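The values are calculated or read from the model by the stated rules, or taken from the named source; none is laboratory data. Fair warning: this is a prediction, and the values are worked out from it, not measured in the lab. Note: ideal-geometry Cβ built from the backbone for every residue, glycine included; neighbour counts use all protein chains shown. Protein only, heavy atoms only, side chains kept; ligands, DNA and RNA dropped before computing areas. Shrake-Rupley method; radii C 1.70, N 1.55, O 1.52, S 1.80 Å.
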Amino acid sequence: QVQLVESGGGLVQAGGSLRLSCAASGRTFNMYTMGWFRQAPGKEREFVATITGSGSTYLADSVKGRFTISRDNDKNTVYLQMNSLKPEDTAVYYCATERVATYTILVVATQYSVWGQGTQVTVSS
């Protein structure tokens with residue numbers, strides 16, 4: 001019983017901000033590596049950001065300087081703060097988790113075994 005639920009997506013104008021949340025339930029996730037991916041229609045799922053159980057973060061080059069990933073272990077929630085949004089950020093955003101060593105950074109979708117349902121982010125120009 002491992003469940004992830006994303007929320008916070010919506011429609012925003014270019015240059016705006018959104019904060020996505022990924023709430024975990026069913027078991028303890030506070031030491032798991034978590035990741036954010038996105039998928040636009042007709043495209044493969046793309047890595048966005050990851051945070052390890054120890055708190056180390058890594059972001060895709062396309063979002064560095066604009067997005068921030070963080071986690072609140074007490075709330076079993078991972079966040080993706082998205083600033084300076086661009087139309088090319090439009091996609092369904094998914095969170096995912098995998099139980100690995102606390103310092104392990106995962107950037108490939110197939111490395112994650114548990115996924116949320118996704119939340120739509122649409123950025124208008």
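Since Arg66 meets every condition but one in (1) basic (Lys, Arg); (2) open to solvent by less than 30 Å² (accessible area, probe 1.4 Å); (3) touching a residue at least 40 places away in the same chain (Cβ under 8 Å), which condition does it not meet?
For Arg66, the exception is condition (3).
Look at region 11-54 and say how many of its residues are in a strand (DSSP E or B) and at positive phi.
Number of matching residues: 0.
When only residues in region 36-60 that are under 14 Å from Leu80 (Cβ atoms) and small (Gly, Ala, Ser) count, which is nearest to the chain's Cα centre (by Cα)?
That would be Ala49.
Being among the acidic types (Asp, Glu), over 30 Å from Ser125 (Cβ atoms) and in contact (Cβ under 8 Å) with a residue 60 or more places away in the chain, is that true of even one residue in region 6-19?
no
Could you grab me the full set of residues in region 1-28 that are touching a helix residue (DSSP H, G or I) at 6+ places or on another chain (Cβ under 8 Å) and under 18 Å from Asn76 (Cβ atoms)?
Ala23
Which residues, counting only those in region 70-125, are small (Gly, Ala, Ser), closer than 26 Å to Gly16 by Cβ and not in a loop (DSSP other than H, G, I, E, B)?
Ser70, Ala91, Ala96, Ser124
If I filter region 28-35 for residues that are of a type in the set (Ser, Thr, Tyr), within 17 Å of Tyr112 (Cα to Cα) and exposed (fewer than 13 other Cβ atoms within 10 Å of the Cβ), do I get at least one hit?
Taking every residue of region 28-35 in turn, at least one turns out to be of a type in the set (Ser, Thr, Tyr), within 17 Å of Tyr112 (Cα to Cα) and exposed (fewer than 13 other Cβ atoms within 10 Å of the Cβ).
Which one is least open to solvent (accessible area, probe 1.4 Å), of the residues in region 40-63 that are farther than 24 Å from Ala101 by Cβ and not acidic (Asp, Glu)?
Val63
Give me a count of the residues in region 12-27 that are open to solvent by less than 50 Å² (accessible area, probe 1.4 Å) and within 15 Å of the chain's Cα centre (by Cα).
Residues that pass the stated criteria total 6.
Can you name every residue in region 105-122 that is in contact (Cβ under 8 Å) with a residue 40 or more places away in the chain and either touching a Lys or Arg at 6+ places or on another chain (Cβ under 9 Å) or open to solvent by less than 60 Å² (accessible area, probe 1.4 Å) (or both)?
Once the filter is applied, which keeps residues that are in contact (Cβ under 8 Å) with a residue 40 or more places away in the chain and either touching a Lys or Arg at 6+ places or on another chain (Cβ under 9 Å) or open to solvent by less than 60 Å² (accessible area, probe 1.4 Å) (or both), region 105-122 yields Leu106, Val107, Ala109, Tyr112, Val114, Gly116, Gly118, Thr119, Val121, Thr122.
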